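A short worksheet on the structure shown next.
The values are calculated or read from the model by the stated rules, or taken from the named source; none is laboratory data. Note that the structure is a prediction, hence the values are computed from the model and not measured. Cβ coordinates were reconstructed from backbone atoms using ideal geometry, including for glycine residues, and neighbour counts include every protein chain displayed.
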Amino acid sequence: MDRAGPDPPVVNLILWQHRGMTSSVLTDDVRGALTAGRLAHLTTLNPDGSPQMSVVWVGLDGDDLVVGHLMGGRKVTNIARDPRVALTVEAAGANPVGMANYLIVYGTGHLVEGGAPELLQRLAETYVGPGVRFPPFDDPPPGHVIHITPERIGGVGPWTRSG
């Protein structure tokens, strides 16, 4: 068969399953790295194509990564315009040559209005400590929850072949 272009998604899914991979890129190791309470770095694209980076708390909602944001902000406007994102987080451990583990998640972001205070309160239990009140003020704005659908994983760690 002679054709141009990448394999269609169904073929890619079949290849993943054939190679023993699951359809979700969020393996147990990836989930562990994302929920360990280490700060993440979310990169979005500015209108001129340059990267914009924010340090964020990250959590999981099913197979989506979630980030809460109370106000508008550059990352929110960037995702509304161009949903391509990348997120990095340092992880526990190191590879055999001593390089510290880190995870890169490439994906597509989409905005959900509202729910940011509730998500941030849940994440604060991990990032700040048990029993903390966050946001630490009355009547926070509803903000946005950024859902990131992961498409591929990179970095150094058990989630890569070179580990």
- Message: Can you find, within the range 62-86, the residue that is modelled with the lowest pLDDT among those that are farther than 21 Å from ALA36 by Cβ and among the hydrophobic types (A, V, I, L, M, F, W, C)?
- Response: MET71
- What's the number of the condition GLU125 fails, among (1) within 27 Å of TRP159 (Cβ to Cβ); (2) in contact (Cβ under 8 Å) with a residue 60 or more places away in the chain; (3) out of contact with any strand residue (DSSP E or B) (no Cβ under 6 Å at 6 or more places or on another chain)? (2)
- Message: Every residue in the range 68-88 that is under 14 Å from the mean Cα position of the chain (by Cα) and either at positive phi or free of Cβ contacts under 8 Å to residues at least 60 places away in the same chain (or both), please.
- Response: PRO83, ARG84, ALA86
- Counted residues in the range 129-157 being over 17 Å from the mean Cα position of the chain (by Cα) and surrounded by 16 or more Cβ atoms within 10 Å (Cβ to Cβ) come to 4
- Message: Pairs please, first residue from the range 25-50 and touching a residue at least 60 places away in the same chain (Cβ under 8 Å), second anywhere and of a type in the set (Lys, Arg), Cβ atoms under 6 Å, 6+ apart in sequence or on different chains.
- Response: THR44/LYS75
